[in-house]
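Encoded as C-alpha cells, the structure appears first; notes follow it.
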Amino acid sequence: MDAMRNRLRQIGHLPLSAAALLLASLCLSACAGSETVVERAEPAGPSTMDIQHSLIPIPASVDLSTTGRFTLTDATQIVVDGGDAEAGRIGRFLAELIGNTVETTPAVVESGSEGAGPHIRLTQEGADAGLGDEAYDLVIASDGVTLTASSDAGLFYGVQTIRQLLPPYVEYGAAYLHPMWMPVGHIADAPRFEWRGAMLDVARHFFPPGDVKQFIDFMALYKLNRLHLHLSDDQGWRIEIPGRPRLTSHGGSIQVGGGPGGYFSTAEWTDLVSYAQERFITIVPEIDMPGHTNAALASYPELTCDGQAPELFTGTEVGFSFLCVEKEETYEFVDDVVREIAAITPGPYFHLGGDEVHELTEEQYVQFMERAQEIVASHGKRVVGWDEIAEVDLDLLPGSIAQVWRPQTDATAEAVADAVASGASVVLSPADRIYLDMKYDSSTVLGLAWAGYNDVRDAYDWEPSELIPGVSEEAILGVEAPLWTESLEKMSDVEYMVFPQLAGVAELGWSPAAARSWDTYRLRLAAHGPRWTALGINFYRTPDVPWQELELGR
Ligand code: NGO
C-alpha cells in the first residue's frame, strides 16, 4: 500500500490526463478484487451525455439515441460482401482497432458464412444509386450494425465514424476489460468537398517514412483524403530521382539548422503511396519551382545562370533562389523530375510550387511556367500551383488548380476570381486561417506568426464559399491545411501544431455549412482530447475548449 500511496502522491504533480492513465493502470494491476477506494477525478467540463455525440467532422445527417446501445461481445463478427477483398481489409482495420482493447479481436467473415452472434456488416449491396462515391449510410440497432456504401472509400469513412462512436479508450492498446459499445441510431453522410487536405513540409526538416505514416493515420481518423508533400525547397531535396543522384546525396544531406536531412528512396516512396492509398488518401507531390530551389542549384550548377553552385542553405529566408529560365538544361531537369515522380505516384496531380519568386521578372516567371505546365501535362498530370500562378499573365491549362494561401487583398482576390472565370479550380489554404504553422497565440513557442496567430476558433469559424468574392462553391475543390516546418523538428512538435487544428479543417472540408457551429464544435472537440491522449498525441489544450479527460475505468 505504501507503494500505491507514493504513486498517488506523484499523480498530484501530473497533468490530469496523465494522472487518469496512471490511476487506471494502478487500478488495473493493484485494485482488482481489493477494497481500496481510490477517489477518481471527475472529468472537466460537460460530459458526453450533454451532447448527442462527439463526431468530427459532423455528419450530414445524424440521429443517435442517448440511451440505446449496441454492445460488442466475444461473438461479434464483422461481415463483408463475398469476394470484396478491399472490404475485407477495411473490416480487418476495424477488427484490429477493437481488438486493441477487448480481449477477443472480432472475426472478419464473408457474408453467408457468419455465425449467429451480433454483426457489424459492411456492404455495398443495396446501396442507394444516389449514394455518392465517398458517402455512407450507417444503421446501428441494439442487435446489429449495417454500414452501406457504394464504394470502398465510403465503407472506410463509415468505419471511421464507427471508430469515433466507440469509447475513446478503443485507441489505447493496453486498456483491456472494458465494455465496447456505441449508441443506436442512423447516420447518412457524404462530404461537401472533394479535396480535404493537409500538407507536410518535409524539406525544411525531414520527416522519415514512419513519421509520414503517422501523419497519414491522423488524417484518416478525420476523413481527410489529400496529402500534399512539399518535397523540395532551398534547404533540402527529399525524393530520389533516378539519373540525378546528387539531388539527394548532396541536396538532401542537410536541413534547417544544419541537421543531417534525409530523403525518400523510390522504394520508400512507393510504400508510402500504398499506405496512403489503403486509407483512401491521394498523395500530391510538390517540387517547388522556379524559386525555392537552392538545394537543386547546389547539386546541379548547370541550373544556375552563371554555372556556379551555391552553398547548401540551412537558414529560413525565402525568395532568393531561382532556376535559370533561359537555359534548356532547366527544362531537361524539370522533365526528368516530373517524369520520374509521375511514374511512381498514381494520383492525378503534380504541384509545381510557383510561390515567392522574387528574383525573376514577371515575364521570366511566365516563360518558365508556360513550359513547366506543359511538361506536367505531358506526363499525364494535372497542374497544381500556389496562387501566384493565377496572378500573372499566364494561360493556365484546363483543369489547373490554384492553391490560395496569401491573406486576401483586393488584387489577389481579383486575380484568383479571374483565373476561376477562365476555368481554373481553387483549393483554399488561407494562411491567416489554416496555416498549421502559425502560432496559436503569443505564448506558443513553436511556429511562426507572419500571418498572425491562428487560434482554434479562427481556424474553424469561417466559410470557404465566402473567402473570395466571385469564387463560388462550384470552383472550390476544397480546403487544405499546410504545415511548414521551419521551426518543427520532431513529431511531437508536429502534433502540437496539428491538434486540434486538423479536426477543424476536416469539418470545414466534409460537413455541410449548415451543420457547422463553433458552439457545438468546441464541445465535440472536448471529447477528442481523451482520444488523442489514448493515442499518445501531444496536443494544444486551448482554454477555449472544456477538455474531457481519458477515463480508463476498470
Ligand atoms: C509561405 C512560403 C513558405 C513558408 C511558409 C511559412 C508559401 C506558399 N510559401 O507559404 O516557403 O515556409 O509561408 O508559413
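Every number here is computed from the coordinates shown, using simple stated rules; none is lab data. Keep in mind the model is a prediction, meaning the values are calculated, not measured. Using ideal geometry, Cβ is built from the backbone for each residue, glycine included, and neighbour counts are taken over all protein chains shown.
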**Request:** Write down the percent of antiparallel bridges among all DSSP beta bridges whose residues are both part of the stretch 195-510, to the nearest 5.
**Result:** 5 percent
**Prompt:** Using alpha carbons only, how many degrees (0 to 90, rounded to 10) separate the axis of helix 501-510 from the longest principal axis of the chain?
**Reply:** 90 degrees
**Request:** Can you spot the lysines whose alpha carbon is less than 18 Å from residue 439's alpha carbon? Ignore those fewer than 8 places along the same chain.
**Result:** 490
**Asked** Hey, with R₀ at 41 Å, roughly what FRET efficiency would residue 411 and residue 541 work out to, going by the Cβ-Cβ distance, to 0.05?
**Response** 0.55
**Message:** Just to verify a number: FRET efficiency for residue 443 and residue 339, C-beta to C-beta distance, R0 = 30 Å, to 0.05?
**Reply:** 0.05
**Request:** Excluding residue 315 itself, calculate the net charge of residues whose Cβ lies under 10 Å from the Cβ of residue 315, where each Lys or Arg counts +1 and each Asp or Glu counts -1.
**Result:** -3
**Asked** Mind listing the phi-derived Karplus ³J(HN,Hα) values for the stretch 425-435, rounded to whole Hz, using 6.51, -1.76 and 1.60 with θ = phi - 60°, and x for any glycine or proline?
**Response** 10, 10, 10, 9, 9, x, 4, 7, 10, 10, 5
**Request:** Any lysines with Cα under 27 Å of the residue 327 Cα? List them, leaving off those in the same chain fewer than 8 positions away.
**Result:** 381
**Fill in**
Taking Cα atoms only, helix 410-421 is inclined relative to the longest principal axis of the chain by an angle, in degrees rounded to 10, of 90 degrees
**Request:** Before anything else, pin down the relative contact order of the chain: Cα pairs under 8 Å, at least 6 apart, normalised by residue count, whole percent.
**Result:** 16 percent
**the stretch 463-554, relative contact order [Cα under 8 Å, separation at least 6], %** = 28 percent
**Prompt:** Nearest 20 debye, what's the magnitude of the dipole of the stretch 321-401 about its Cα centre given +1 on Lys and Arg Cβ and -1 on Asp and Glu Cβ?
**Reply:** 540 debye
**Prompt:** About its Cα centre, what dipole magnitude does the stretch 195-510 give when the only charges are +1 on Lys and Arg Cβ and -1 on Asp and Glu Cβ, stated in debye to the nearest 20?
**Reply:** 1160 debye
**Counting DSSP beta bridges with both ends in the chain, the antiparallel % (nearest 5)** = 30 percent
**Asked** What lysines could a cross-link reach from residue 223, if we take a straight Cα to Cα line under 21 Å and drop same-chain neighbours fewer than 8 places away?
**Response** 213
**Fill in**
Of the candidates 392, 446, 423, the farthest towards the positive dipole end of the chain (Lys/Arg Cβ +1, Asp/Glu Cβ -1, centred on the Cα centre) is 446
**Request:** Please list 306-317, 131-142, 259-270 highest first by mean number of surrounding beta-carbon atoms within 10 Å per residue.
**Result:** 131-142, 259-270, 306-317
**Fill in**
Quick note, the chain: a/c under 1.5 would make it rounded; otherwise a/b > b/c is prolate and the rest oblate (a ≥ b ≥ c, C-alpha gyration tensor); here it is prolate
**Request:** Report, in degrees rounded to the nearest 10, the 0 to 90 angle that the Cα long axis of helix 209-221 makes with the longest principal axis of the chain.
**Result:** 60 degrees
**Prompt:** Which net charge results when you count Lys and Arg as +1 and Asp and Glu as -1 among the other residues whose beta-carbon is under 12 Å from that of residue 487?
**Reply:** -2
**Request:** Report, in debye and to the nearest 20, how large the dipole of the chain comes out about its Cα centre when Lys and Arg carry +1 and Asp and Glu carry -1 on their Cβ.
**Result:** 2420 debye
**Asked** Given the rule -39500 (n - 2.57) for each run of at least 4 DSSP H residues, summed and divided by the residues of the chain, what is its mean residue ellipticity at 222 nm, to the nearest 500 deg cm²/dmol?
**Response** -9500 deg cm²/dmol
**Request:** Using the Karplus curve 6.51 cos²θ - 1.76 cosθ + 1.60 with θ = phi - 60°, work out ³J(HN,Hα) for each residue of the stretch 339-352 in order, rounded to whole Hz, and write x for Gly and Pro.
**Result:** 4, 5, 6, 4, 5, 10, 10, x, x, x, 10, 9, 9, 9
**Distance (nanometres) between label positions extended 7 Å along Cα→Cβ at residue 267 and residue 128** = 4.8 nm
**Prompt:** Over the stretch 61-189, what is the mean sequence separation of C-alpha contacts under 8 Å (at least six apart), divided by residue count, expressed as relative contact order in percent?
**Reply:** 36 percent
**Request:** Could you tell me which of 93, 270, 487 has its Cα farthest along the dipole of the chain towards the positive end, charges placed at Cβ (Lys, Arg +1; Asp, Glu -1), taken about the Cα centre?
**Result:** 93
**Request:** Using the Karplus curve 6.51 cos²θ - 1.76 cosθ + 1.60 with θ = phi - 60°, work out ³J(HN,Hα) for each residue of the stretch 489-500 in order, rounded to whole Hz, and write x for Gly and Pro.
**Result:** 9, 9, 4, 5, 5, 4, 4, 5, 7, 7, 10, x
**Request:** Sort the stretch 195-510 into rounded, prolate or oblate with this rule: let a ≥ b ≥ c be the square roots of the eigenvalues of the Cα gyration tensor; rounded if a/c is under 1.5, and if a/c is not under 1.5, prolate when a/b is larger than b/c, oblate otherwise.
**Result:** rounded
